[in-house]
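What follows is a set of notes on a single structure, which appears directly below.
The values are calculated or read from the model by the stated rules, or taken from the named source; none is laboratory data. This is a predicted model, so every value here is computed, not measured. Methodologically, a virtual Cβ is constructed for each residue, glycine included, from the backbone with ideal geometry; neighbour enumeration extends over all protein chains shown. Note: areas computed on protein heavy atoms with side chains; ligands, DNA, RNA excluded. Shrake-Rupley method; radii C 1.70, N 1.55, O 1.52, S 1.80 Å.
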Amino acid sequence: MLTRRHFIQTTTALFSATVPGVTFADSWPTEAQKAEWDAQVTPPNYVPETSNPWDLHPRFLPQRVLAKAGLVPGDIHVDAVARYLYHIEEGGTAMRYGVAIARGNLYEPGVYTIKRKVRWPHWQPTQSMINRDPELYADIADGMEPGPENALGSRALYLYVGDRDTLLRIHGTPSPRSIGGRASSGCVRMVMAHINDLYPNVETGSTAYLYSAEDSVTARS
């Protein structure tokens, strides 16, 4: 069982998802449209460490922290209790972001490979989501076009086990105030401005570790 004890040593006292499917739509936004949407979801005079129009707890804003020795630069580690995502950097540091994880027993700890990245993705609810909440998803069962209201938001990192798409994602969310909670149907959610910063630094082939909530350390602010 994975636990957060295996991975992060920070500079402060830290311990502190829909499951979208893949839509193979024919229509994709232009680069100009993507740029317009990026501007729309980025706060004016945006500074990652301090900008907070979403009224998040300050600990969920991006911070650079120390990483435990031996971790692989480029990998991602998700602490399910503290609701943090860490992206390991060269030189012994990591960027830390606040996240939301899945509600109830829908969270799936494990080791995944990021095999696909999409800027302003399409989204389609899975059949299991439709079966659980048919009224909620009836109008969008065929999928949603990209845009700021799309459930995957501005960026998506697609998690695989071998060649199998797990349908789990690390993605932006149009509901940023869910950050810090258990809100999704399986995925890891991030503020769109934050995942926009993370996205270009994540390479396909990187490993994502989603740690067990039960074996994580209780959060402290």
Residue among Y160, Y211, Y137 that alone is more than 28 Å from Q63 (Cβ to Cβ), at pLDDT below 95 and of a type outside the set (G, A, S) = Y137
key: Pair list, Cβ < 9 Å and 6+ apart or interchain, from segment 50-78 residues that are farther than 22 Å from P200 by Cβ to residues that are surrounded by 16 or more Cβ atoms within 10 Å (Cβ to Cβ) and of a type in the set (S, T, Y)   = H57/S16; R59/S16; R59/Y84; L66/T10; L66/T93
Test: G147 is at pLDDT 90 or above and over 18 Å from the mean Cα position of the chain (by Cα) = no
query = Residue check: is E203 assigned to a loop (DSSP other than H, G, I, E, B), at pLDDT below 95 and open to solvent by 40 Å² or more (accessible area, probe 1.4 Å)?
reply = no
note = Exception for S27 within (1) at pLDDT 95 or above; (2) open to solvent by 40 Å² or more (accessible area, probe 1.4 Å); (3) farther than 29 Å from D79 by Cα falls at (1)
request  = Of all residues in segment 98-132, count the ones that are open to solvent by less than 50 Å² (accessible area, probe 1.4 Å), modelled with pLDDT under 90 and more than 29 Å from A39 (Cβ to Cβ).
outcome  = 6
Condition check for L167: closer than 22 Å to N105 by Cβ and either open to solvent by 30 Å² or more (accessible area, probe 1.4 Å) or assigned to a loop (DSSP other than H, G, I, E, B) (or both) = yes
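One line per residue, one yes/no per condition, for (1) modelled with pLDDT under 95; (2) touching a strand residue (DSSP E or B) at 6+ places or on another chain (Cβ under 9 Å); (3) part of a helix (DSSP H, G or I); (4) under 21 Å from S154 (Cα atoms):
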site	(1), (2), (3), (4)
T12	yes, yes, no, no
S16	yes, yes, no, no
E36	no, no, yes, yes
G74	no, yes, no, yes
M95	no, yes, no, yes
